[in-house]
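Worksheet for the structure shown next.
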Amino acid sequence: MPEKALLCFGDQQIELPVLVGAEGEKSVDISRLRDATGLTTYDPSLSNTAVCKSAITFIDGDEGILRYRGIPIEQFTDRPNFIEVAWLLIFGRLPKKDELDRFSQRLTLNELLHEGMKHQFQHIPADAPPMALLSATLSNLVCYHPQFLALGDDESFEEMAARLISKVRTIAAFSYRRSLGLPFNYPNPNLRYCANFLHMMFSIPYQQYSITREIEDALNLIFILHADHEQNCSTSTARVVGSSRANLFASCASAVCALWGPLHGGANVEVVEMLDRIHHGGMSPEDCIKAAKDKANPFKLFGFGHRIYKNYDPRAKILKVACDRVLSQMKVKDPLLDIARKLEELALADPYFVERKLYPNVDFYSGIILRSLGIPTNMFTVCFAIGRLPGWIAQWKEQHDDPTSKILRPRQVYIGNTIQDYVPIEKR
Ligand code: SDX
């Protein structure tokens, strides 16, 4: 017998159905509430509100569990293949070899930007924020691919997803090269996804950037760990924009803007800048912890805390171990890693963090690996976006394919003026 919730209000009583998720999580279905009682619910940060049913990613924040289509995140780390995970997230199962080969071929065929797009980079200030460029250029893509304004069949969806996932690398690399006044590197169709991105970022004329398997694996791992995270801020943005039937490019461009914020994807930049300040003597780890606890101080311990995880973020666990491996493979000694470890040790022993269940999140160690690959700090959130793009596409598609989905339009509690008359300006 399905469970029910009973809401009593004044002389009204209403039974509300309780949905039970695949992992046993329960949610009170209030979709009839306002019609039946005139009441709405108030949950300003949506912390207690499920806005959709989804089969893509499962997170258990108390246990520190993260699964993509049911597969634990830890199982993707041995032979990390970001494109295989992208396909899994978007199409709902692991691809067969011919499917993965076809998708990889599509990525190769779509790696170039229209030459007209390339020229737009020339007219942007060299110090333009890469996330601004990324969002603007993703949105502009539809100018060169108008056929994707109206979504067609699965075949055209796979083509559109491939174009986005492939071109996002080229856009990111071109914006980086532009910022340094370096010539653009065209994508090399003989390179795999991550190797091609690093080639476009770092090769110089007549000398291709040397990419080892370890470097490729490290970047595949970074992208996989960022690939999806259920209804986070940027993914919810992609869903909200897509719910009005706006095209996928516009939805992903909007998600880039949401990810940019320092409380979300921008945190990986804040973490490294925080660690760097400590390294250069600006503040001690102890000062950092003290400032983070001081309510009068807006400073936060970036890379710590999470809306869902009240345990160690499983991605941070994997990245912390990977730091050692990648830095030794790259023969890099980064003092910031020791500082990060010290900060973690202090925080996890401090009652302020323990009581609030604040643990390292995905952003705490990711920047140290990106630095070891030679990726500059201002490109960290762009790398987060490259990794998260398949998740945005998957979530957008899931909503688009759901015949019951409607435009997302929340309610409010109005606290403004009650009715009053207009006062002509001469009487004000
Ligand atoms: C990502 O949602 C996702 O899944 C996001 C993400 C993804 O993959 O998409 O996982 C990626 O965005 C990770 C988070 C990156 N952001 C940061 O590292 C920024 C620092 N963290 C905080 O800003 C904060 O922890 C958030 C934004 C991540 C979560 O904030 P919540 O859920 O709104 O929690 P809160 O701000 O209400 O904090 C609860 C308490 C407060 O203290 P009290 O009012 O109870 O006294 O914990 C404190 C907060 O002040 N707190 C922190 C803190 N994080 C929370 N205090 C100091 N430093 C911090 N980092």
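Rule-based calculations on the coordinates, nothing more; no lab input. The structure presented is a predicted model; accordingly, all values stated were derived computationally and were not measured. Glycine gets a Cβ as well: all are built from the backbone with ideal geometry, and neighbour counts include every protein chain shown.
Rounded to the nearest 20, the size of the Cβ-charge dipole of the range 379-428 about its Cα centre is 120 debye, with Lys and Arg at +1 and Asp and Glu at -1. For the range 79-87, the Karplus equation 6.51 cos²θ - 1.76 cosθ + 1.60, evaluated at θ = phi - 60°, returns couplings of 10, x, 9, 4, 5, 4, 5, 4, 5 Hz by residue, with Gly and Pro reported as x.
Net charge within 10 Å of residue 20 by Cβ-Cβ distance, Lys/Arg positive one each and Asp/Glu negative one each, not counting residue 20 itself?
On the way: positive: 26; negative: 3, 23, 25.
Computed value for this residue: -2.
For the chain, calculate the relative contact order in percent as a whole number, restricting contacts to Cα pairs under 8 Å that are 6 or more residues apart. This gives 20 percent for the chain. Residue by residue, the range 233-248 carries 3J(HN,Hα) couplings of 4, 6, 5, 4, 5, 4, 5, 4, 5, x, 5, 8, 6, 5, 6, 4 Hz when phi is fed to the Karplus relation 6.51 cos²θ - 1.76 cosθ + 1.60 (θ = phi - 60°); x denotes Gly or Pro. Checking the Cα-Cα distances for 4/53; 295/357; 96/331; 295/342 against a 26 Å cut-off, the pairs over it are 96/331. Taking amide H atoms as placed 1.01 Å from N in the peptide plane, the amide H of residue 5 lies under 5 Å from those of 16, 18, each 5 or more residues away in sequence or on another chain. The phi-based Karplus calculation (6.51 cos²θ - 1.76 cosθ + 1.60; θ = phi - 60°) puts the 3J(HN,Hα) values of the range 406-413 at 10, 4, 7, 8, x, 9, 8, 9 Hz, whole numbers, x for Gly and Pro. The convex hull around the C-alpha trace of the chain, projected and averaged over every direction, spans 27.9 square nanometres. A protection proxy built from the mean count of other Cβ atoms within 10 Å ranks the segments 118-130, 206-218, 314-326, most packed first, as 314-326, 206-218, 118-130. Look at the dipole of the range 254-323 built from charges on Cβ: of 257, 321, 306, the Cα furthest out on the positive end belongs to 306. Note: relative contact order over the range 241-380, using C-alpha pairs below 8 Å and six or more positions apart, is 32 percent. Near residue 309, no amide H atom lies under 5 Å from its own; only residues 5 or more places off or on other chains count, and H is placed 1.01 Å from N. Here's the picture: charge each Lys and Arg Cβ at +1 and each Asp and Glu Cβ at -1 in the chain, and of 236, 370, 14 the one pushed furthest to the positive end of that dipole is 370. List the aspartates and glutamates whose Cα sits under 13 Å from the Cα of residue 290, skipping any in the same chain fewer than 8 residues away. Cα-Cα hits under 13 Å: 350. Evaluated with a Cβ-only charge set (Lys, Arg +1; Asp, Glu -1), the chain carries a dipole of roughly 640 debye about its Cα centre, given to the nearest 20.
If we sort 414-420, 22-28 on the protection proxy, mean other Cβ atoms within 10 Å, highest first, what's the order?
Per-residue Cβ counts within 10 Å, averaged per peptide and sorted highest first, yield 22-28, 414-420.
Apply the Kirkwood formula to the range 306-416: the hydrodynamic radius equals the inverse of the mean of 1/r over all pairs of different alpha-carbon atoms; give it in Å with one decimal.
Values: mean 1/r = 0.0586 Å⁻¹.
It works out to 17.1 Å.
Placing +1 on the Cβ of every Lys and Arg and -1 on the Cβ of every Asp and Glu, with nothing else charged, gives the range 263-395 a dipole about its Cα centre of roughly 360 debye. With the highest mean first, a sort of the peptides 233-241, 182-190 on other beta-carbon atoms found within 10 angstrom per residue produces 233-241, 182-190.
Across the options 33, 339, 189, the greatest Cα extent toward the positive end of the charge dipole of the chain (unit charges at beta carbon of Lys, Arg, Asp, Glu) belongs to 189. Spatial offset of the range 168-229 relative to the range 1-56 amounts to 46 Å, using the alpha carbon center of each.
Computed from Cα atoms, the angle from the helix 380-401 axis to the main principal axis of the chain rounds to 50 degrees.
In the calculated pair distance distribution of the range 151-261, what percentage of Cα-Cα distances lie above 26 Å? Show your work: numbers first, answer last.
On the way: 1793 of 6105 pairs.
So the pairs more than 26 Å apart make up 29 percent of the total in the range 151-261.
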